Amino acid sequence: MKKIISMLLVLVMVLAMFAGCSNPAEEKGSVYYLNFKPEADEAWQALAKEYTEATGVEVKIVTAASGTYSEKLNSEMGKEGAPTLFQCGNAQGLIDWGDYCLDLSNTDVYKEMTTDDFNLKDENGAVKAIGYCYEAFGIIVNKALLKQAGYEITDITDFASLKSICEDIHARAAELGFDAFASSGLDGSSSWRFSGHLANMPLFYEFRDDKVTEQPATIKGSYLQNYRNIWDLYINTSAADKTSLSTATGDESQAEFGTGKAVFWQQGTWEYANLIGEKYNMKSEDLQMIPIYCGVEGEAKAALCCGTENCWAVNAKAPEADQKATLDFLKWVVTSESGTKMMAEQFGPIPFKAAKEPANVFFADANKLIADGNYTVTWAFNHTPNVDAWREGVVSALTAYSADQTDANWDAVKTAFVDGWANQYKIQHGL
């Protein structure tokens, strides 16, 4: 009996020795992030180093050169030790990489999100990739000029209130020394704002109603009257000559707003640095971005037009320990002081509860509207078939209509919008 007990003790000691010799890195798992943004490489490397020093978990950051991410991802996913964290930015990406995307629905990082609007889901509703940052566009307002005209930003709550204020300012433009809207140029340097970004309004609401989640072969144009509402307001309450919009440039429009000649300007978050820089030296406290109102029922609860192709996916084919390590790292990134600071500096608005307020006030406007429970007007224009050709048709029709705002000319805009979509879809898909 004593021999048996001795043998058992030896066995226990041997097993304990083997357990003590196990690889801690294997138990902890590791993280390999294939980064999408070269400009953020240095920041990611520093954050990874800090996390590894604090936790002992290896975090490797590899950054694809600009414009080579797809090729790099294809190459890396075929190797042993493939990325545990990668970019899956749109519906096509989900088609290509859906099998590699872990369902993030019940993960801690997903539970830290403030909105589901930027996430990619499969047909079963599983969250396959989470949008970690976004850009936004809307109507930029010079609040100082608005106040001079006798109004506050809180007076604008929907299209009717916006229209009333703009028409009043336009009527008093000579007296005030400024007009309502900056020019809506249809030159190539500016037209994308209206054939792309403004066109998002009717597309978003139609797709929302019809539950469209991928590029449709045809569209109905259900909200084109709303598109007309806001376009008419842009060109009818501006100092710009409506018959010469085809040659009005984006720089001219920017200068009109930046030098205080207009209260309103449709643009995006990316314009903030230009406006507060030396060129115009505007004050950040005088700037705010509001939603593009166009007369849709319930639009008082709209947020800005927000979208992204910056979405994280966790490799479902990676070892479970690496999956866990990656999910733990992501939670730390979006909740820690160091992580949220880096994200605010590098990416601006991030849709997570612990997000820091970015210096760009337009990002702060976007975050606040979402946090207050308003619905995000997501980027439906990403579904446009043969985008350049389709937009050319819309711009041509819009130019003719602007010079002569008749119903017949608007019908041509509708044709370019609806029939043009169907035609370009057929061309794109070889039908």
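The values are calculated or read from the model by the stated rules, or taken from the named source; none is laboratory data. What you are looking at is a predicted structure, and each value in this text was computed from that prediction instead of being measured. Because the Cβ atoms are built from the backbone with ideal geometry, glycine has one as well, and the counts that use them run over all protein chains shown.
Which residue, of LEU245, LEU233, is part of a helix (DSSP H, G or I), modelled with pLDDT under 95 and of a type outside the set (D, E, K, R)?
Details: LEU233 fails: modelled with pLDDT under 95.
So the residue among LEU245, LEU233 that is part of a helix (DSSP H, G or I), modelled with pLDDT under 95 and of a type outside the set (D, E, K, R) is LEU245.
Among the listed residues GLN92, GLN45, identify the single one that is of a type outside the set (D, E, K, R) and modelled with pLDDT under 95.
On the way: GLN45 fails: modelled with pLDDT under 95.
On inspection, the qualifying residue turns out to be GLN92.
Run down ALA129, ALA182, ALA136 and say which single residue is at pLDDT below 95, crowded, with 20+ Cβ neighbours inside 10 Å and either farther than 30 Å from THR249 by Cα or of a type in the set (A, V, I, L, M, F, W, C) (or both). Spell out the reasoning first.
Numbers: ALA129 fails: at pLDDT below 95; ALA182 fails: at pLDDT below 95.
Checking each option against the conditions leaves just ALA136.
From the list ALA262, ALA316, ALA321, ALA303, exactly one residue is touching a Leu at 6+ places or on another chain (Cβ under 9 Å), surrounded by fewer than 19 Cβ atoms within 10 Å (Cβ to Cβ) and among the aliphatic types (A, V, I, L, M). Which is it?
ALA316
Among the residues of region 153-170, is any touching a Leu at 6+ places or on another chain (Cβ under 8 Å) and without any contact (Cβ under 8 Å) to a residue 12 or more places away in the chain?
Among the residues of region 153-170, not one is touching a Leu at 6+ places or on another chain (Cβ under 8 Å) and without any contact (Cβ under 8 Å) to a residue 12 or more places away in the chain, which makes the answer no.
Is it the case, given these coordinates, that THR376 is among the β-branched types (Val, Ile, Thr), crowded, with 16+ Cβ neighbours inside 10 Å and within 26 Å of the chain's Cα centre (by Cα)? Can you show your working first?
Details: among the β-branched types (Val, Ile, Thr): yes; crowded, with 16+ Cβ neighbours inside 10 Å: yes; within 26 Å of the chain's Cα centre (by Cα): yes.
Taking the combined requirement at face value, the residue satisfies it.
Condition check ((1) surrounded by fewer than 20 Cβ atoms within 10 Å (Cβ to Cβ); (2) on the phi > 0 side of the Ramachandran plot; (3) under 20 Å from the mean Cα position of the chain (by Cα); (4) part of a loop (DSSP other than H, G, I, E, B)) across all residues:
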site	(1), (2), (3), (4)
SER189	yes, no, no, yes
TYR205	no, no, yes, no
ASP209	yes, no, no, no
GLU214	yes, no, yes, yes
ALA217	yes, no, no, yes
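Hey, among the residues in region 276-310 that are at pLDDT below 95 and hydrophobic (A, V, I, L, M, F, W, C), which one's nearest to ASP365 (Cα to Cα)?
CYS306
Output the number of residues of region 33-68 satisfying the condition of being hydroxyl-bearing (Ser, Thr, Tyr), in contact with a helix residue (DSSP H, G or I) (Cβ under 8 Å, 6 or more places away or on another chain) and closer than 14 Å to GLY339 by Cα.
1
Among the residues of region 351-363, how many are touching an Asp or Glu at 6+ places or on another chain (Cβ under 9 Å) and closer than 15 Å to LYS283 by Cα? Explain how you work it out, then say what you get.
Step one: of region 351-363, the residues touching an Asp or Glu at 6+ places or on another chain (Cβ under 9 Å) are 351-354, 356, 358-359, 361-363.
Still in the running and closer than 15 Å to LYS283 by Cα: 359, 361-362.
Count: 3.
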